[in-house]
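> Structure below; questions to follow.
The values are calculated or read from the model by the stated rules, or taken from the named source; none is laboratory data. Source: prediction; values computed, not measured. When we count neighbours, we look across all protein chains shown, and the Cβ atoms used for this are built from the backbone with ideal geometry, even at glycine. The accessibility values were calculated without ligands, DNA or RNA, using every heavy atom of the protein model including side chains. Shrake-Rupley method; radii C 1.70, N 1.55, O 1.52, S 1.80 Å.
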Amino acid sequence: MLSPIEVNNNILEMEYAVRGPIPKRAAELESQGMKIIHCHIGNPQALGQSPLAYNRQVLSLVEDPSKIAREKALKNVFEETPVTDIKESDFLSEEILVVSETILSKMKAGGTGAYTESKGERFIREAVASFIDKRDLTDNPNGVASDPEKIFLTSGASQGVKFVIDLLIAHGNDGIMVPIPQYPLYSATIKKAGGRQVNYYPDEESGWTFDQALLEESLAKARSEGVNVKGIVVINPGNPTGAVLGEESIQTVIEFAKEHHLAILADEVYQENVYAGKFVSFAKALGAETAVPLFSFHSISKGFFGECGHRGGYLEVRNPPNIQGSNLDFVDLLTKQASVSLCSNTAGQILTYLMVSPPKEGTASYQLYSQEKSRILNDLKEKATMIRNAFTHMNGVECFGETGAMYLFPRLNKLPEGKTDYDYCMALLEKTGLCTVNGSGFGQKEGTSHLRIAFLPPQKLLAQVLPKWIKFHNEYVG
């Protein structure tokens, strides 16, 4: 009989609610034949969102270059001897073939099967830098251009987050400020690194906004407890709240970080998921300020791409600090971390390239790409509206702030005595098959109850389940 072993207690104590007990119970019920509607995680294609045709066509050719020659040969045969039931549009456009060949020509020998540089392919990092500059400098000529050497291609944004937090947490009393509620990646990563999570609480009723006084209060409390706060996380648009930060709030964070010598970790993976108002990046707001280290994260998993399974994204660094007791800076150590994994996966790198280098206006692929993009984003907006409207028929449910990202985070003001939002979400699952995540899994102000729902299922399915949810809720709360 094997003896028990001692393990890293930080990992033992990690929690990750979006893959926690409620989703596990959902899997059990599904295996028993129950229809489950998976709204616990931002996984668009698992809920029927189609991949963009352009992305998959290019990726398939880059993964199997022999199909480029085959496509050209078949097209030549068709042009010489037209076939009645085959049309020109049945072939891949010349543009897609050229883009695929261009990508292959710039990759290392071996194509997608070979390791890349640890930071990722140079030409892709250059494309990311151009994307950032186009986003941020178009109406801001005094801004600072992005540097490809300070960009890392990562296997999803989460890998970049882990790289940065693992470096920032040097001692057990080192802490990172996180917004509450927060995406559990941050609490789990800080716990695994052996650091301290320092909570700050945006004001829910004012749309999850915050001011400097709120941040100062959180920082002062942490320092009074012996915590050495080294960074602040901002998720914009928010997860789980969906809140979209205005430029004033972003400048507040920058001034706060500058005053207290903090790094900013800007999670901006939902920057395309802004259905009203405007997204402003931290890099744009930072401008020529050199006293604040900024780590920005983006991903192919969200927006209108929804390529979660391909695990692609990037980390951009601005104002990397030097390393105490060394002649290295933060970028040097990030490179060392990336080299341990050799590189991020190449399919994710290619899709990141396609995310930041979409078809150009006027090309054959542009019209379809634009139509697919608009359809996906409009559909998300309509589904969010459907669910928010359903809340108005639920006793004691309120939902604050603008709609952004892919989630709603309603407050459950009326629960039966002795019941928690976890109990509510589990009962909702058992009764209706709707899988959500309890608010306590993301953190929340003491005395409040919430849940997070991803507004990703097809509208037809939502139209079926929302009346069941309304009925369940009003019966549950009495």
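> Across region 181-214, what is the number of residues that are open to solvent by 20 Å² or more (accessible area, probe 1.4 Å) and assigned to a strand (DSSP E or B)?
Residues in region 181-214 being open to solvent by 20 Å² or more (accessible area, probe 1.4 Å) and assigned to a strand (DSSP E or B): 5 in total.
> Against the definition (within 30 Å of L456 (Cβ to Cβ), touching a residue at least 40 places away in the same chain (Cβ under 8 Å), crowded, with 18+ Cβ neighbours inside 10 Å and out of contact with any Asp or Glu (no Cβ under 9 Å at 6 or more places or on another chain)), how does V269 come out, yes or no?
Values: within 30 Å of L456 (Cβ to Cβ): yes; touching a residue at least 40 places away in the same chain (Cβ under 8 Å): yes; crowded, with 18+ Cβ neighbours inside 10 Å: yes; out of contact with any Asp or Glu (no Cβ under 9 Å at 6 or more places or on another chain): yes.
Criteria met by V269.
> Can you go through V178, V164 and tell me which one is modelled with pLDDT under 95 and crowded, with 20+ Cβ neighbours inside 10 Å?
Values: V178 fails: modelled with pLDDT under 95.
Within the list V178, V164, the selection yields V164.
> Right, here's the next one. Quick check on K87: is it more than 28 Å from the chain's Cα centre (by Cα), charged (D, E, K, R) and modelled with pLDDT under 80? Can you show your working first?
Numbers: more than 28 Å from the chain's Cα centre (by Cα): yes; charged (D, E, K, R): yes; modelled with pLDDT under 80: yes.
Yes, satisfied.
> So which helices (runs of 4 or more DSSP H) stay within region 276-390 end to end and still have 2 or more residues that are closer than 30 Å to F400 by Cβ and open to solvent by 10 Å² or more (accessible area, probe 1.4 Å)? I'd like the intermediate steps shown before the answer.
Working: elements: 282-286, 330-340, 346-356.
By residue number, 282-286.
> Would you please list the contacts, defined by Cβ atoms under 7 Å and residues six or more apart or on different chains, that run from a residue in region 428-451 that is within 13 Å of Y407 (Cβ to Cβ) to a residue that is basic (K, R) and buried (at least 17 other Cβ atoms within 10 Å of the Cβ)?
T436/R452; V437/R452; G439/R452; F442/R452; H450/R411
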